[in-house]
Amino acid sequence: MSISRIGTNQILKNYQTGLNKSWLQSQTDMIAVMSGKKFQNISEDPATAARAFQLRKQYVANDDYINNVEEVASHIDTAASSALQVNQILEQVESDMLKALNDPTGEGGRDAIASAIEQLQEAVVASANAKFGDKFLFGGENVSFAPFELRDDATGVRDDDGNFITQKSLYFTNDGVNYYSVSDPDPLVQSALKEFADAEVFIDMGFGLEYSGTDSIPNSDNLVSNSVIDMSTSGLDMLGFGVSDDGTPTNIVDLMGQFVTELKNGLRSETGDTDTLTSTFGHFQDAKNDLLNYTTTLGTRGTFLNTTLTRLEENKFTLNEKIVATVNVDTAEAITNYSWSQFAYNQALKIGNTILTQSFIDYMR
Amino acid sequence: MMRPTFAGFTTAQFGMSTAMNSLNITGQNISNISTVGYTRQAADQISMNLTNPNGAYSIGFGALTTSTSQLRDPYLDIRFRTEIASVGENEVIYNTLTDLESIFDEFAKVGVQEALTDLMSSFQDYSSNVNSAEFQEMIKASSDSLVKLINEYTNQLDTVRSDTVDGLTDVDIPNVNDILSRIGELTQSIETTAVIASTPLELLDQRNLLIDELASYLPIKVTYVATDVQPGVTIDRLHIELVNTEGENYTLVDGPVAGSFNTYTDEDTGDQIITYTAGIGENMLTGTGISVLNNALEKLNAANTSLEAINQAISDNAGDTKAVATLLNEKLDYLSYRDGLLEQINAFLPIEVTDTGNDTVSIAFTPMTLNTDGSVKDPIAIDLTTGDDVFTLDTDGSLLLSGANIMDELTSGELTFSSGSIKGSLDMLNSYGDAVSQKGLRYYEAQLDEFAITIAEVFNQMNNVGDPVYVKTASGAIAYELAYEPILDGAGDPVLDETGRPMYYDEEYEAQTGTPAVPVWATDPVTGAGLVNDDGTAQQATRTTLVYEPLLDDDGNIVYVMDGDDIALDQYGNRIYYTDATATDFSGTEPTPMAKDLFSFDPADPSGTLRIAENWKTGLYTVSASQYEGAASGANDNILNFIGALEGSHAFETYMPDHEGGALLSGFTGSFYDYFTNIATTVGLETKTTYQSLENYIILVADIADSKSSVSGVNLDEEGMNLIQYQSAYSAAARLMTTLDEALETLLNMGRVGR
C-alpha cells in the first residue's frame, strides 16, 4: 500500500518496532553464542528438535548397550578363567591317573593318588562354584545358590571292614532346595538337567530386541533369540552330565570319583586289574577334551563381545558427532551473526537520533 | 445593488477570523501530538458569497469556518478492527502455547524423556543383575521420578488452565463489560452534546479508541444509524453488534444502551461458557437496572393501574384471547400517558403482545431475541386458561413474566466467537483439538492422561506374572482371607469374649453351643434384623476360634484385602481381611494372590494421580524378573520384556468425551519416548505456526495503522507549514484591512483636495 503522508507518531512507533526487533535479534544471537546451541526452544525449529530427541535417545540406549556388553564380557572372561583353572587342575589329575595306571600294584602310592584326586575333585567343584560379583558363574539361570555340591555316595563295593566304599559324586541344584546327581541315569532327571543346562539369560545389546507375534505387550515365549545375547554359562555344560551308552558318567568330577573308587577297589582286591581303570581314564580324557572345547567356546564368545563393544563405541562417536552437528552452533558463524546484529542495532540507534530531532519546525524562523 | 463600502472590512475580519481558527486548530493538533487516539482536525471553511442577483459582478464576502471536522477513513477503521481481532486471538493462543511449551519442552531441561531413558537404563542394568536388590531399587527410584514428573507436568497444566480461566473471567470479561459501559456512557454524552451544540470530536476519539480496544476482544460490526432524537434533530447513532459464528448478530451497544457478558463453568462438561445479557435501557441490567424497573412498577401500582388490575382484567376476559391481547396492549398503551411510566418500562422491556389463538397470548421481547444457535427466540406464550398472573414480582423483587425470569429471557445461551482474544481463551480452554479445532489445554491434558494410563496398564499387566505373592502372617505363612465382621456393641466397639478377644459371626450364623460370657444376639449383617433359631428363640452369635483373629500390621491395624483402592467386600457387604490362620487350620476362603501392580492411578485424573503402587513401594513384591512360575534366581526374561515394552511400540489413543460424540481424537503408535517427544514437538509446531500467523497479523495491522495514520495522524512538518500558511493568511487579511483603511483614507481626504 502506498502511503502519501504519515503521522509523526507513526514514524516514531515504526522506529520503535524496528529497534525492538533489532534488539531482540541481537539478544537471540547472543544467547546462541553463550549457550552454544542453535536454538533454545522446540518451537524455534521443531523438526530439528525432534531429530535431536531421537539422537539423544539412541545415544543413551547405546551407552546402555555398552554397559551391558562390558558386564557380559566381564562375566564371560571370569567364566573363561575359571574354566582354564579347571583345565589346569585336570592336567594334574591326568598325570596322577597316569601314575596310578603305570604303577598298579604299589598300594601306598595308589592310596596317595586316590586321596590326591579326591582333593582335586574338591578343587574342581570350588572352581565350578566360582562367583562373579555376587552371582554364581556356572549356575546357568541360577545365580543365587552354589550350583554344585560334592556328596559322599555309598557304592556297592565294600572295604576290608565290610563297609561300603563311599565315592564323591557331584550334585547340581537350580534352586538351593532340590539337588540332582549329574550322573543319575533316570531319564526324568537327565531331561531336567538338560533343561537347566540349556537355560538362557538374554541380554539386550542393541541388535534390535525383537518379539514375534502381534501382541502389544512383549511375551518371553515370543522373544526372537538372535536379537539378543545369551550371557548364561552353565557348569553342567562345562563339566558334563548324564551317562554314556555303557553307563559310565560323562561328568568329569564323577569320572574322577569313579576312578578313585576303582583305584580303591583295586587296592582291596589286589588283582591289579587296570582294564577298568584304563577305560575310565579314556572317558576322563574325552570329558577333559569336552571341557577344553567348552573353554574355547567361552573365548569365542568373548571375542564376539569385544567386536560388539568396538562397534558400539564407534556408534557412540558417530551419534555424538550427529548430535553436535544437529544441535550445536558453528561458533564462528554464531559470533559473526552476533556481531552483525549488534552492529545493526547500533546503526538503528544512530538513525533514531536523527529521526527524533528533525522536523520542519526546527528550520522555521 | 452596489457593494457596501465597509463590506471589505468584514471580509478582512472574516479572513483574520478564519486564519485564527485554523491557527487554533493547528495548535490543537500540535499540542495533541502525543495524545493516544487523537485524530487530526481541520477547519471546514467556506467562501461566503451573498450573490447580488441584479449585479453585473459577484464578489464574495470572505471566508467562514463552519465547523471543525476529523480526518478519518471509516473503511480503515473497519479493516483495523477486523484484523486486530485476529491479533487478539492469536496473541492469547500464542501466550498460552508458550506456557505449554515451557512445560513440555525438554530441549534444555531434564524431564520425562530423561526419566524414561533412566528407567530403561535401570532395566538394562537389572537385566544382568536380577539377583541384586540395589538394581531393583534403582528401577523403583527411576519409576518414582517418572511418575512425579508426570504429576508435576499435570500440575503445571492445571496452573496454566486456572491462569487462563482467571484471565478470562477476572480480567477480560470484566474489561469488555467496562468498555461496553464506557462506550454507552460516552455515547450518551456525545448524543446530548450533539443535540445542543456541535459534535464533540475529542469524545469521538475516546470512543473510537474504546471500540478499537473492544475489537481486539471480539469480532464486532460497527454501524451508525440515522436516528431522530428530537423533532428535527437527527444524529448518527452508534450501533455495535457481535458477529457470531452463526452469522446472527447480538446488539452490544445501541446508542447509550450497552449489554454485558457473563461467564461460568459448565458443571457437566467443564466448558467455560460465555453468555450475553442484552442492555435494556439507560442502566444496564444490573442491580440498579432492576431496581429502577421495580420502582416503575411500584409507581404503576400507586397509579391505580396495578399489575393486579391488569392481571384481573386478563383473567376476566379469559377465553377470549383476542380481547385479552387487545386489552393488554391498550392497558400498556394507556400507561404511556401516565407519567411516561410505560416508556420507562419499555426502555427496559420493549414488549409486544400478540393473540396466538388457542387461549394463549405471546409476549415478545425485542432487545434479546436470539437463542444459542442464533435462531430467533420464541416469544413467551402465556396460557390464559390457567388463571395464572401474567406479571408477578419474584421474592428478590425482580420481575417475572408468567413464571419466566426476565433476566433469563434477556440472556443468551452459550456464545461462540469467530475471532478475538476471548475466542483465543475459549479455544485454549474448551477445545479438544480434533481435526477442526485448536489443540488447546484439553488436548495436552488428554495426551498426558493417555501416557499415564498406557504406562500403568502395560507395566501392571507385565508385572502380574511369575510367582504369585500372598500377604504373609507374622510367622511367614500365607495369610488367609476372612469376611467375618467382628460383632460390634451399641457404641460400635468389638464385643469381647471372656478371654478379651473379639467375637465374630461365623459363616452360617449357627447358634453357638454353650453360654458365652456375654450373650450376643446374631443379626443379619445386611438387614440388621435379629436371627432366630428353628424353635423361634433368639439366635446367639458364635465366637470363632483364635485362628480367625485378624492379621494386624505393625501399627496394630487390621490388614484388609484390597480391591483397587477400596477394601474388598464379600457378598454380604462385609469387609474382607487377612487372618493369621494358616492353611492347615483354616478351611475357609482360599487366599487370592496379590495384584503385583507397579503403578496406580485414579481414572478421574490419571496423570495427576499416577503413583508407584503402594504395595510395590512398601516392598510386598518386586518387579517380576521372570514371567514363569518357579523360575531360577537369575531368570531375567520378563526384564527383557520390560525393555522390549519400553523400546517397542504402543497404540496411544485419545477420544472426545461422550457428550461430544466420543470419536477418536488422536492416535499415535510408537514408544513411550516417541510419544512424549511427539507431544513436545506438537506443542513446538503449534507455537511456531501460531507465532507466524501472529507476526503476519501484526504486520497487517501495522500496515493498516500506517494507513490510518496517513489519514488521521498529526505530522509536525505539515503543522509547521500550516503555521506559516495561516500566519501569512492572517497577516494578509490584516494587510487587507490596512489597505482598505488606506483606500478609505484616500476617499475621506478627497474633500480636501484642491482646498
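Annotations
- Residue within the stretch B:52-71 that is on the phi < 0 side of the Ramachandran plot, outside any helix (DSSP H, G or I) and within 14 Å of chain A (Cβ to nearest Cβ) present: yes
- Every test in (1) part of a helix (DSSP H, G or I); (2) within 27 Å of B:Gly37 (Cα to Cα); (3) free of Cβ contacts under 8 Å to residues at least 40 places away in the same chain is passed by A:Ala47 save one, and that test is (2).
- From the options A:Ala52, A:Ala83, A:Ala61, A:Ala73, residue that is crowded, with 21+ Cβ neighbours inside 10 Å, touching a residue at least 12 places away in the same chain (Cβ under 8 Å) and more than 10 Å from chain B (Cβ to nearest Cβ): A:Ala83
- Among residues of the stretch B:621-650, those that are within 7 Å of chain A (Cβ to nearest Cβ), out of contact with any helix residue (DSSP H, G or I) (no Cβ under 8 Å at 6 or more places or on another chain) and surrounded by fewer than 22 Cβ atoms within 10 Å (Cβ to Cβ), counted: 2
- Residue-level analysis places A:Thr8 among those that are more than 41 Å from the chain's Cα centre (by Cα), at the interface with chain B (Cβ under 8 Å from one of its Cβ atoms) and in contact (Cβ under 8 Å) with a residue 12 or more places away in the chain.
- Residues in the stretch B:667-694 that are at the interface with another protein chain (Cβ under 10 Å from one of its Cβ atoms), surrounded by fewer than 19 Cβ atoms within 10 Å (Cβ to Cβ) and either among the β-branched types (Val, Ile, Thr) or assigned to a strand (DSSP E or B) (or both): B:Thr669, B:Thr689.
- Residue match in the stretch A:107-118 (condition: within 14 Å of another protein chain (Cβ to nearest Cβ), in contact (Cβ under 8 Å) with a residue 24 or more places away in the chain and in contact with a Lys or Arg (Cβ under 7 Å, 6 or more places away or on another chain)): no
Matching residues to (1) among the polar types (S, T, N, Q); (2) more than 56 Å from the chain's Cα centre (by Cα):
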| residue | (1), (2) |
| --- | --- |
| B:Phe6 | no, yes |
| B:Met16 | no, yes |
| B:Ala19 | no, no |
| B:Ser34 | yes, no |
| B:Ala43 | no, no |
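- The lone exception for B:Ile698 - which of (1) under 26 Å from B:Thr98 (Cβ atoms); (2) surrounded by fewer than 20 Cβ atoms within 10 Å (Cβ to Cβ); (3) touching a residue at least 12 places away in the same chain (Cβ under 8 Å); (4) at the interface with chain A (Cβ under 8 Å from one of its Cβ atoms) it fails: (4)
- Residue match in the stretch B:654-666 (condition: part of a loop (DSSP other than H, G, I, E, B) and either within 30 Å of A:Ala197 (Cα to Cα) or within 14 Å of chain A (Cβ to nearest Cβ) (or both)): no
- B:Asp706 being more than 26 Å from the chain's Cα centre (by Cα) and acidic (Asp, Glu): yes
- Residue in the stretch B:733-747 that is buried (at least 19 other Cβ atoms within 10 Å of the Cβ) and part of a helix (DSSP H, G or I) present: yes
- Contact map, the stretch A:205-232: residues that are free of Cβ contacts under 8 Å to residues at least 12 places away in the same chain and more than 10 Å from every other protein chain (Cβ to nearest Cβ) paired with residues that are in a loop (DSSP other than H, G, I, E, B) and surrounded by fewer than 20 Cβ atoms within 10 Å (Cβ to Cβ), Cβ distance under 8 Å, separation 6+ or inter-chain. Pairs shown: A:Gly213/A:Asn219.
- Taking the stretch A:180-294 as the region of interest, the helices (runs of 4 or more DSSP H) fully inside it that hold 1 or more residues being of a type in the set (Val, Ile, Thr) are A:187-198, A:252-269.
- Search result, residues across the stretch A:11-43 that are within 10 Å of chain B (Cβ to nearest Cβ), within 46 Å of the chain's Cα centre (by Cα), surrounded by fewer than 18 Cβ atoms within 10 Å (Cβ to Cβ) and part of a helix (DSSP H, G or I): A:Ser35
- Selection status of B:Ile235, in contact (Cβ under 8 Å) with a residue 24 or more places away in the chain and either in a loop (DSSP other than H, G, I, E, B) or over 28 Å from B:Pro200 (Cβ atoms) (or both): no
We did not get these values from a lab; they are worked out from the coordinates using the rules stated. Small disclaimer: the values here were computed from a predicted structure and weren't measured. Every residue, glycine as well, gets a Cβ built from its backbone with ideal geometry; the counts of neighbours run over all protein chains shown.
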